Amino acid sequence: MDRTRDKAQGCIVGAAIGDALGMPAEFVTESDLKRHYGRIEKFESPLSTHPLKNLKPGQWTDDTQLLLLAADSLIDSKGFNIYDFSERLGGWWRRCEKEKGYNRYASMNTLNACKALYHGTDPYKSGSRSIESDSVVRSIPTGVWYYRSIEDVVKYSRLSSVPTHNSEETKEACLALALTCTYLLNDLKSEEALKSCLNYLSHKKLIKRFNIVIDMQEEEPERVKNVLGLGTSVMEVVPFAFYSFLHSPDNFEDIVLTAVNASGDTDTLGAIAGALGGAYLGISKIPPDFLEQLEAINLLKNKAVELIEKSNYLKIDFDLKVIKPEDLSITDRFDNEQEKTKKIIEILEKEMKKEILKENPSIQYLGLELGKELVHHYKDATLGDIEVCSMLKIKGKKSAFYVRIEDRGRASMRFHRAIVKFRDRIEGKE
């Protein structure tokens, strides 16, 4: 499986697994947790007195509901749109009110804000100043969608909290989770990803708590819990979930089980830790038992793939397979490798231009600029300038074609489909 897709699926599915593992233990006292479950090590049924007593093992809570809602908004809006997102939040509240069993233990702050959105309140004014952690998990899809644009992750992850939780603490916590997931998708190591994320945080107390987590990552959970505390605040929940990840980053099962056995807001703890572990390890490293028993596993996997494949961010890279010059009907003898390389690129670019115009006639070809790379300029009638850069990577006596698209606006999906189609043809997939 493609590594980026593997990690994206790990991130989204991992969040749902952690959520479902923590579901029966949410706000169950530590003594009751130990008495009824001993230690949670698999999906369990909630107690008969639990608000979610009707859920079955492997089902998740409102955290994953809202994560999927955020993902759908990004996909359908081709990026973060606070008004589309808020309209969906309002519709979610309406279903919680009207459909029995649809409300999966959402907090009153979230429900009240979504009710206000349903009745037309401005999303910039609907959110409370609460610092509870309810908005954090739904920032995860933003980190996946914009995984090649740090600036967009920083901007939109913070904004994703605003309609329901409009405090600096919650916005910074959303940024911390989404951006760390982004770094993990880009193959940074566990501690390196969090440290890189801290450069974008401004809340001094939250930064201090993350630094405590880094310093104490090898300590036992009880000791860390005593230092951090473990209530409903993002200042406690989010750092401990990060600790669960840093404590054993190479073992997904240990990551999520450390989080959900901590007591307190266990579904959110598990979802955050699971997202981080999944983004780091990929779905291929998640134990099969978790995958087989999880609610709506195919929906979650497909949603992750959609986030990756339909995201229309600033850069899209394709590495094409090694191409033999003779496969392109180049029979001329060349005096040097550079001349041959230039000829191969010209042929490939000519074919690509033909494919693009066939798929999207509104694209105008503006010409070629020579430099370290060959840069072909296109203009979309409605979306502005687009640059397509290409080069050859020499591997022995063979060459590989490389395409990078730079969108000066937002290139249409038809344009991207044309590039994909061209790549498939060159690679012999058609």
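The values are calculated or read from the model by the stated rules, or taken from the named source; none is laboratory data. Since we're looking at a predicted model, the values are computed, not measured. Methodologically, a virtual Cβ is constructed for each residue, glycine included, from the backbone with ideal geometry; neighbour enumeration extends over all protein chains shown. The accessibility values were calculated without ligands, DNA or RNA, using every heavy atom of the protein model including side chains. Shrake-Rupley method; radii C 1.70, N 1.55, O 1.52, S 1.80 Å.
Starting from the Cα-Cα distance between Glu191 and Ser31, subtract it from 0.36 nm times their residue separation and give me the gain in nm to one decimal. Could the numbers behind the result be given before it?
Values: separation 160, 0.36 × 160 = 57.60 nm, distance 3.26 nm.
Result for the pair: 54.3 nm of gain on full extension.
If you roll a 1.4 Å probe over the heavy atoms of the protein chains, what accessible area per residue do you get for region 270-315, in Å²?
38
Could you order His119, His247, His36 so the one with the most accessible surface comes first? Probe is 1.4 Å.
I get His119, His36, His247, largest accessible area first.
Under a Cβ-only charge scheme (Lys and Arg +1, Asp and Glu -1), can you give me the dipole magnitude of region 178-241 about the Cα centre, in debye to the nearest 20?
360
Just subtract the alpha-carbon distance of Ile207 and Glu151 from 0.36 nm times their residue separation and send over the number in nm, one decimal.
18.2 nm
Quick check: from the Cα gyration tensor, does region 1-109 come out rounded (a/c under 1.5), prolate or oblate?
oblate
Rounded to the nearest 10 Å², what accessible area does Arg148 show when all protein chains are kept and the probe is 1.4 Å?
90
Keeping all protein chains in the complex and leaving out DNA, RNA and ligands, what accessible area do you get for Glu168 with a 1.4 Å probe, in Å² to the nearest 10?
Counting only protein heavy atoms, Glu168 exposes about 80 Å² to solvent.
Given the pairs Lys78/Lys125; Lys53/Lys98; Lys78/Lys171; Lys310/Lys354; Lys53/Lys208, which span a C-alpha to C-alpha distance of over 26 angstrom in this model?
Among Lys78/Lys125; Lys53/Lys98; Lys78/Lys171; Lys310/Lys354; Lys53/Lys208, the Cα-Cα distance tops 26 Å for Lys53/Lys208.
Protein chains only, probe 1.4 Å: how do Arg35, Arg209, Arg3, Arg223 rank by accessible area, largest first?
Numbers: Arg35 155, Arg209 50, Arg3 105, Arg223 130 Å².
Result, largest first: Arg35, Arg223, Arg3, Arg209.
Set the bar at 32 Å for Cα to Cα. Now go through Lys115/Lys195; Lys42/Lys155; Lys34/Lys155; Lys56/Lys189; Lys189/Lys225 and name every pair that lies beyond it.
Values: Lys115/Lys195 37 Å; Lys42/Lys155 36 Å; Lys34/Lys155 41 Å; Lys56/Lys189 35 Å; Lys189/Lys225 24 Å.
Correct reply: Lys115/Lys195; Lys42/Lys155; Lys34/Lys155; Lys56/Lys189.
Could you calculate the contour length gain from Asp215 to Leu299, that is, 0.36 nm times the residue separation minus the distance between their Cα atoms, to one decimal place in nm?
Using 0.36 nm per residue and subtracting the Cα-Cα distance, I get 26.5 nm.
Net charge around Pro57, counting only other residues with Cβ within less than 15 Å of its Cβ (Lys, Arg = +1; Asp, Glu = -1)?
-4
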